[in-house]
Amino acid sequence: MNLTLLLSEKSARKNSSPMGKNQKNQQPIIKLENISKIYYLGDEKVKAVQNVSIDIFKKEYISILGASGSGKSTLMYLIGLLEIPTSGNIYLNNKDISKLSDKQLSELRNEYVGFVFQSFNLINKFTVWENILLPTKYRKSKINFNPEKKAEELLKQFGIYDRKDFFPNKISGGQQQRVAIARAIIMNPKILFADEPTGNLDSKTGPEILTILESLHKKFDTTIIMVTHEKEIAKRAEKQIYIKDGKLVKKYL
């Protein structure tokens with residue numbers, strides 16, 4: 001399958017700098033400062049994330065590795081602006097967004113981030129075509145590209161154009177994940193989050209999905225943050241973050 005993705009005419013950079021170059025002089029695109037997230041289940045207090053500080057720079061490909069219940073998905077939701085912290089501060093492009101309203105966070109997510117989930121999170125009453133175009137319907141500011149043309153290009157590049165009029169529950173898991181990735185990147189997000197992106201896929205399709213993510217990162221400088229519980233998958237990223245019991249640790253055991 002041809003994995004060269006036509007995100008937009010301007011999105012590919014011919015002379016992109018290697019990851020980490022001049023990073024010391026860069027401001028992180030997202031900065032977490034002593035972040036904690038606490039949930040309450042009845043009378044039980046769950047410390048999902050505890051005093052985590054992370055800097056994430058443009059063009060990084062990061063994996064967050066942890067066992068089930070370690071807090072890795074909660075950490076991704078915090079970085080991805082889906083959750084607000086109980087304490088600590090989150091900065092996006094050096095602006096504190098920790099106390100923004102749900103509406104304000106929603107607007108930022110639509111502009112900055114895309115999500116790919118283990119369970120695909122496609123809407124079964126919409127066709128593949130309609131699912132991919134869905135983020136364009138929520139963008140309030142003017143879109144500087146043709147959404148239909150972009151969706152068509154993505155479908156062709158992912159080898160699923162012949163499935164565009166199918167409903168998600170009528171196509172394979174691998175095809176559903178390709179649809180989910182196409183939906184996540186149609187708005188050219190600055191950061192792409194992948195939560196266990198191969199978790200529901202077989203041993204052949206899983207690596208194909210990882211190759212698509214790697215192609216996005218290498219060809220278009222997309223910042224990617226991938227959550228996984230599998231060491232071998234985490235190693236495919238250029239940088240690993242390990243989490244255990246809601247805390248960052250130096251080594252994953």
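Taken together, the values in this text are just the output of simple stated rules run on the coordinates, not laboratory data. None of these values were measured; they are calculated from a predicted model. Because the Cβ atoms are built from the backbone with ideal geometry, glycine has one as well, and the counts that use them run over all protein chains shown.
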Calculated mean projected area of the Cα convex hull in nm² (choose from [x] 17.1; [y] 15.7; [z] 14.4), label | [z]
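Which of Lys219/Lys244; Lys125/Lys239; Lys31/Lys218; Lys156/Lys219; Lys99/Lys231; Lys31/Lys137 have a Cα-Cα distance over 27 Å?
On the way: Lys219/Lys244 33 Å; Lys125/Lys239 38 Å; Lys31/Lys218 23 Å; Lys156/Lys219 18 Å; Lys99/Lys231 34 Å; Lys31/Lys137 29 Å.
From the list (Lys219/Lys244; Lys125/Lys239; Lys31/Lys218; Lys156/Lys219; Lys99/Lys231; Lys31/Lys137), the Cα-Cα distance tops 27 Å for Lys219/Lys244; Lys125/Lys239; Lys99/Lys231; Lys31/Lys137.
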Which residues' amide hydrogens lie under 5 Å from the amide hydrogen of Ser98, considering only partners 5 or more residues apart or on another chain, with H built in the peptide plane?
-> Ile90
Pop the C-beta distance of Gln26 and Ser87 into the FRET formula with R0 = 25 Å and round what comes out to the nearest 0.05.
-> 0.40
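Quick check on the chain: of the DSSP beta bridges with both residues there, what percent are antiparallel, nearest 5%?
Working: 19 of 38 bridges.
Around 50 percent antiparallel, to the nearest 5.
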Contour minus Cα-Cα distance for Phe145 and Lys95 (0.36 nm per residue) = 15.2 nm
Could you run the Debye sum over the Cα atoms of the stretch 62-153, one equal point scatterer each and no solvent, and tell me log10 of I(q)/I(0) at q = 0.16 Å⁻¹, two decimals?
-> -0.86
Within the stretch 48-74, find all residues whose amide N lies under 20 Å from a label point positioned 7 Å from the Cα of Tyr40 along Cα-to-beta-carbon.
-> 48-51
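What helices does the chain have that are whole DSSP H segments, at least 20 Å long along their own axis by Cα, and with mean Kyte-Doolittle hydropathy of -0.5 or more?
Details: long enough: 205-220 (23 Å, 0.06).
Both cut-offs are met by 205-220.
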